[in-house]
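Beneath this line is the structure, given in structure tokens, with notes to follow.
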Amino acid sequence: MPESLTFREIKARPVVLKLKRPVVARIVTISEWPIILIDLMTEQGIVGRSYLEPYIVKSMRYLVPALHDFSEMLKGRSVAPLELFEAARKSLHFVGYEGLSMIAASGLDMAAWDALAKAANKPLCVLLGGTVGAVRSYNSNGLWLKEPAEVAAEALELRDEGGFSALKLRLGRSNPRDDLATLDAVRKAVGGGMHLMVDYNQGLNLAEAIERCHMIDDHGLDWIEEPIVYDNLDGHAQLAAELKTPIQIGENFYGPREMHKAIQKKACDLVMPDFMRIGGVTGWMRAAAIAGVAGVPISTHLYPEVAAHVMRATETAHWLEWQDWADPILLNPYEIKDGMLQIPDLPGVGLEWDEKAVARNLASL
């Protein structure tokens, strides 16, 4: 094992995949899923891997060059994730710490942690002080805004994909009664023992959210997620105070300080940071410490592979969001068994690219 790793370069490649179940939310429909594959090369031959899922295909035109700029800037430096993360963020300070700046720095950070764990010949969760094991997960691969019967049938499919005990469905149809009919159809299909979470994907204004969230407040839901635009913390605080059902936000926290602000304002009962926005592994561990001090349960958003590892080292770990959207380009996708994501006992995160699949889906910028 090398005593230290030296940064050589970053190779970033844009890939676009067709979604098996397209995203159909109130504010957007997505059928093509962009993924940026990141390989952090070291002088010692160890390669750290990560990926980014920036939602919008054209965003890769800006993120891939940013990652290559990091490559030139960081060449020859020690692969120390905390220091690389800070250097990357500060290099873009004058265009802001949020948005594309944070997303690019997060991709670098996740790859750096993977390389460091590989150099130590340990799974990332072990390097972080945890152990290899299974992580409780809910299936979030579908249940978009479709007809009630179709959503109910799909709920059974998603349940059986990996023996799940929890599913997330999306709400926000034009008529709130159609949302209620969908909720009832899904509950009837999967039974009372199934954990159900709902997500409005920021699709409501505050007045709509007050009406609609009260309409579903007695449906035994695990949480109501992002009913209104993500930065309206005062509105979320009002909803959290009025409702019995926990309010979940967090996938749009750009850095741990934004999460701290939301908790201080009592804008939520639960938090679920996204790795490309919270700051990769470094940002997650800082956010997890804040959640731990506040006693707030913390769940993950996307990136199930790295998510599983950090959850094994998180005090108030709640639910892992399972989505398999990157699986087509992974050589050995993680497995789900009895609703638990199984972490492989391999150095790092265990990501390897299926190069034939990558070649088929490589995008031109």
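Take R77: with every protein chain present and a 1.4 Å probe, its accessible area is about 90 Å².
The label point for E208 and the one for S31, both projected 7 Å from the Cα toward the Cβ, are 2.4 nm apart. A simple rule links phi to the HN-Hα coupling: the Karplus curve 6.51 cos²θ - 1.76 cosθ + 1.60 with θ = phi - 60°, which for region 136-146 gives 4, 9, 10, 8, 10, 7, x, 6, 8, 7, 10 Hz, with x for Gly and Pro. Between amide H atoms placed 1.01 Å from N, distances below 5 Å from G339 occur with G163, F164, all of them 5 or more places distant or on a separate chain. Fully extending the segment from K188 to Y55, taken as 0.36 nm per residue of separation minus the present Cα-Cα distance, adds 44.6 nm. Just check region 1-136 against the gyration tensor rule for me: Cα atoms, a ≥ b ≥ c as the square roots of the eigenvalues, rounded for a/c under 1.5, and otherwise prolate or oblate depending on whether a/b exceeds b/c. Oblate shape, in that a/c is at least 1.5 and b/c is the bigger or equal ratio. The mean sequence separation of alpha-carbon pairs under 8 Å and at least six residues apart, normalised by the residue count of the chain, gives a relative contact order of 20 percent. Of the whole protein surface, V57 contributes about 60 Å² of accessible area at a 1.4 Å probe radius.
A straight chain from E9 to E315 at 0.36 nm per residue would run longer than the Cα-Cα distance by 106.7 nm. 3J(HN,Hα) along region 14-31: x, 10, 10, 10, 7, 6, 4, 10, x, 6, 10, 10, 5, 9, 6, 10, 10, 10 Hz, from the Karplus curve 6.51 cos²θ - 1.76 cosθ + 1.60 with θ = phi - 60°, whole Hz, x for Gly and Pro.
Subtracting the Cα-Cα distance of E161 and L19 from 0.36 nm times their residue separation leaves 49.5 nm of extension gain. Cross-link partners for K188 among the lysines, with Cα-Cα distance under 20 Å and sequence neighbours closer than 8 places in the same chain left out: K146, K168. Of the Cα atoms belonging to the chain, the radius of gyration and Dmax stand at 20.0, 62 Å. Judged by the gyration tensor of its Cα atoms, with axes a ≥ b ≥ c, region 82-202 is oblate; a/c meets the 1.5 cut and b/c is at least as large as a/b. Counting only DSSP beta bridges with both residues in the chain, the antiparallel share comes to about 60 percent. Over all Cα atoms in region 244-329, the spread is summed up by Rg and Dmax: 12.1, 41 Å. Close amide-amide hydrogen proximity is noted between W223 and V198, each under 5 Å apart and 5 or more residues distant or on a separate chain (H modeled in the peptide plane; Pro and chain starts excluded). Each residue of region 338-355 was assigned a 3J(HN,Hα) from its phi angle through the Karplus expression (A = 6.51, B = -1.76, C = 1.60, θ = phi - 60°), giving 6, x, 10, 7, 9, 7, x, 7, 10, x, x, 8, x, 7, 9, 7, 7, 5 Hz with x at Gly and Pro. Remark on W353: its backbone amide H falls under 5 Å from those of L331, a criterion applied only to residues 5 or more positions apart or on other chains, H modelled at 1.01 Å from N.
Over region 1-159, Cα pairs under 8 Å with separation of 6+ residues give a relative contact order of 25 percent.
Across region 32-77, the fraction of Cα-Cα pairs farther apart than 18 Å, rounded to a whole number, is 35%.
The values are calculated or read from the model by the stated rules, or taken from the named source; none is laboratory data. Predicted model, so just to flag it, every value in this text is computed and none were measured. Glycine gets a Cβ as well: all are built from the backbone with ideal geometry, and neighbour counts include every protein chain shown. Accessible surface is based on the protein model in full, side chains and every heavy atom, while ligands, DNA and RNA are left aside. Shrake-Rupley method; radii C 1.70, N 1.55, O 1.52, S 1.80 Å.
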